[in-house]
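To keep things clear, I will list the structure first and then write my remarks on it.
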Amino acid sequence: MAEFIAWVLVLAIAAYACAGGTDYGAGFWDLLAGGAERGKRPRWLIDHAMAPVWEANNVWLIFVLVIMWTGFPTMFQAVFTAMWLPLALAAVGLVLRGAGFALRKPTRRLAQQRIYGATFAVSSLMTPFFLGAVLGGIASGRVEVGTTASADAWANGTSVLTGLLAVAATAFLGAIFLCSDALRFGALDLVDYFRVRALCAFGAVVVLALIALPVTHDDARYVWDGLTGGWGLLLIILAAVCGLATVLLLLRRSHGWSRYTSVASVALVVGAWGFAQRPYVLPTSLTVTAAAGATHTLRWLVIVTAIAIVLVGPALVLLYRLDAMGELEELTDADTRAARTSGDNL
């Protein structure tokens, strides 16, 4: 049963990496959109694309924390003790990001829009970086039961590279989905704008992955071996194929299908990490079985998970479907004119 719960945890992390990662990527491109006038159109698209779903995507993060807390309390305590600082910074980023995004839209003064926009954009960069750094610290075996908090646990080479890879992957997902959103909203001038950025983000992912190979060879040897052999290697190869297929689809301007291949590439990498780390939740020091909570707790966790899938799953699928069809927030002529009027602060 503990093994099953561990895979549910991996699936929940993959779902958050894809759904939440797309939102973080939109914030990353918001940060690089330029000044108020030059960045007006990209930010207009980001606002309208994110508005219906950005809060719902955090459901996956809550699900991850609940599974960790109740299913693997020993691992939860070890990680949050050794990594409290990056996790606290990620939590601050989550709060500031939501506040910045929510307050920017109704604000009419340009100065306040810049403050809220900068808060949203910078937080969209720091949150995935620190979450990635935590995963890198775990993968490198720096966290064990009883490990005290230290900078080495999350500020080492593997953690920094994992954090940068997380940022690059979110930028890749965000640009892919914004291409489709630009088509959906009829903003044809932004399709190529985000298509170029998606290709650049994919290039950054490839470069960072190549740099990570020699760095993690000795620093995270157990996971490195798992990613270069067996099921881990197979999933990494499939992820690379999906990534290359995404690039090909982008070049052919098949933006609808590119969303599925890009999501598959990120989800497969998370799955490969799960296989590579098996049978440990904390590599070489704490196995899934040893970290698992009481049997009756795991049994109730399975029941609650099944109920959540039945109750929440269809609602999320419907939400994503309606959002992809443009049914949740219809643009008005006033919206379009507001975004295109020169010198308008909106």
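Assorted remarks:
- Averaged over its residues, the range 29-92 has an accessible area of 41 Å² per residue, based on protein heavy atoms and a 1.4 Å probe.
- Gained length - ALA149 relative to LEU110, 0.36 nm times residue gap less alpha-carbon distance: 9.9 nm
- Residue order by solvent-accessible surface for ARG252, ARG41, ARG221 is ARG252, ARG221, ARG41, largest first, with ligands and nucleic acids left out and a 1.4 Å probe.
- Extension gain, ARG221 to LEU103: 0.36 nm times the residue separation minus the Cα-Cα distance gives 38.0 nm.
- Taking only the Cα atoms of the range 58-216, the ratio Rg/Rh comes out at 1.03, with Rh defined as the Kirkwood radius.
- Taking LYS40, LYS105 and ordering them by how much accessible surface each has at a 1.4 Å probe, largest first, produces LYS105, LYS40.
- When the Cα gyration tensor is reduced to axis lengths a ≥ b ≥ c, the ratio a/c is 1.5 or higher for the range 241-325, and with a/b not above b/c it is classed as oblate.
- The order of CYS179, CYS242 by accessible area, most exposed first and with a 1.4 Å probe, is CYS242, CYS179.
- Mean Cβ count within 10 Å, highest first, over the residues of peptides 72-78, 294-300: 72-78, 294-300
- Whole-percent carbon and sulfur share, accessible surface of the chain, 1.4 Å: 70
- Area of TRP84 that stays accessible when all protein chains are in place (1.4 Å probe, Å², to 10): 140
- Ordering of 255-262, 88-95 by burial proxy (mean other Cβ atoms within 10 Å per residue, highest first): 255-262, 88-95
- The ratio of the alpha-carbon radius of gyration of the range 1-139 to the globular-protein estimate 2.2 N^0.38 Å is 1.16.
- The heavy atoms of GLU144 present about 90 square angstrom of accessible area, all protein chains included, probe 1.4 Å.
- Part-to-part distance (alpha-carbon centres) for the range 174-231 and the range 257-331, which is given in Å: 20
- Average accessible surface area per residue within the range 241-310, 1.4 Å rolling probe, Å²: 51
- Ellipticity at 222 nm from helices only: DSSP H runs of n ≥ 4 in the chain, each -39500 (n - 2.57), divided by the residue count, give -26500 deg cm²/dmol.
- Span per principal axis, largest first, for the Cα atoms of the range 161-308 (Å): 56, 43, 23
- Hydrophobic, long helices, defined as DSSP H runs whose alpha-carbon span along the helix axis is 30 Å or greater and whose mean Kyte-Doolittle value is at least -0.5, occur in the chain at 2-31, 110-139, 157-184, 189-219, 230-251, 255-277, 295-324.
- For the range 75-166, the residue among ALA151, GLN113, GLY163 whose Cα projects farthest onto the positive side of the dipole built from Cβ charges is GLN113.
- Using C-alpha pairs below 8 Å separated by at least 6 residues, the relative contact order for the range 188-313 is 23 percent.
- Contact order normalised by residue count of the chain, Cα under 8 Å, 6+ apart, percent: 24
- Under 5 Å between amide hydrogens, built in the peptide plane, is the criterion, and for LEU286 it picks out VAL281 among residues at least 5 positions away or on other chains.
- A protection proxy built from the mean count of other Cβ atoms within 10 Å ranks the segments 225-234, 208-217, most packed first, as 225-234, 208-217.
The values are calculated or read from the model by the stated rules, or taken from the named source; none is laboratory data. Remember, predicted model here, so these are calculated numbers, not experimental data. Methodologically, a virtual Cβ is constructed for each residue, glycine included, from the backbone with ideal geometry; neighbour enumeration extends over all protein chains shown. Each accessible area value is taken on the protein alone, full model and side chains, heavy atoms only, with ligands, DNA and RNA left out. Shrake-Rupley method; radii C 1.70, N 1.55, O 1.52, S 1.80 Å.
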